[in-house]
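J.: Take this structure first; my questions come after.
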């Protein structure tokens, strides 16, 4: 099973990817995390994408696909995995299918307004050491500026600045429509109210996955 989560930044994809991983054992693969890791390690690829990410621009398909291909070839992805942040365009979706054309796909599209996204991301802080995410509005760390899990310093990512967020949303909306139509025509797409409570969203996701996994067994 390949689970694909589509939605603009701040729509709650990461939270649901974590829940799917915890409940189904499908590893969460975030292209944003993969790319940021390359930047932090100072690799050649990281240097190539750093400026693009800071400006909120989409990273080129071949670079993202190289990272995704390497990750999904790992042993822990054999039974399934969750993609958070990829594909973002129709061309990426088709390239993904060429990598693994025998995977059953289930696609969730998270619907959230731009106003809600800006409110959510306004106070977001992340731990660069362990990846934990906090928010000054609804999920504060116990000690200001420090991660509850590992004690490392929390930062506001460059791509969470308001002007960059707006550009990321614009690019998402501009590029996602053909991909949404493609998955919809193949009856793989399920819309999610991304402004609902996280537990309610996950209940909907579980119901859909239960049906899809049952269909997979029948075939």
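Taken together, the values in this text are just the output of simple stated rules run on the coordinates, not laboratory data. Small disclaimer: the values here were computed from a predicted structure and weren't measured.
J.: Identify which of 16, 142, 129 has the largest mean-square fluctuation in a Gaussian network model of the chain, with springs joining Cα atoms closer than 10 Å.
T.: 142
J.: For the chain, set up a Gaussian network in which alpha carbons nearer than 10 Å are linked by springs, and say which option among 87, 27, 162 fluctuates the most.
T.: 162
J.: Then there is this: With angles folded into 0 to 90 degrees, how steeply does helix 162-185 sit against the dominant principal axis of the chain? Use alpha carbons for both and round to 10.
T.: Approximately 0 degrees, to the nearest ten.
J.: Roughly speaking, what is the stretch gain from residue 62 to residue 137, that is 0.36 nm per residue apart minus the C-alpha to C-alpha distance, in nm to one decimal?
T.: On the way: separation 75, 0.36 × 75 = 27.00 nm, distance 3.71 nm.
Gain on extension, residue 62 to residue 137, equals 23.3 nm.
J.: Can I ask one more? Once the Cα atoms of the chain are picked out, what are the Rg and Dmax in Å?
T.: Cα radius of gyration and Dmax of the chain are 17.0, 52 Å respectively.
J.: A follow-up question, please. Determine Rg/Rh for the range 115-155; Rg is computed over alpha-carbon atoms and Rh is the Kirkwood hydrodynamic estimate from the same atoms. Let's see the in-between values first.
T.: Values: Rg = 10.1 Å, Rh = 10.2 Å.
So for the range 115-155, dividing Rg by the Kirkwood Rh gives 0.99.
J.: Taking only DSSP H segments of four or more residues, each worth -39500 (n - 2.57), what value at 222 nm results for the chain once the sum is divided by all its residues, to the nearest 500 deg cm²/dmol?
T.: On the way: 8 runs with 110 residues, N = 219.
Value at 222 nm, helices only, nearest 500: -16000 deg cm²/dmol.
J.: If you don't mind, another one. Give me the distance between the Cα centres of the range 1-71 and the range 96-161, rounded to whole Å.
T.: Rounded to whole Å, the Cα centres lie 11 Å apart.
J.: Have a look at the DSSP beta bridges in the chain and tell me what percent are antiparallel, nearest 5.
T.: Values: 8 of 25 bridges.
Among the beta bridges of the chain, antiparallel pairing accounts for roughly 30 percent.
J.: Which of 101, 18, 159 moves the most in a Gaussian network model of the chain with Cα springs under 10 Å?
T.: 101
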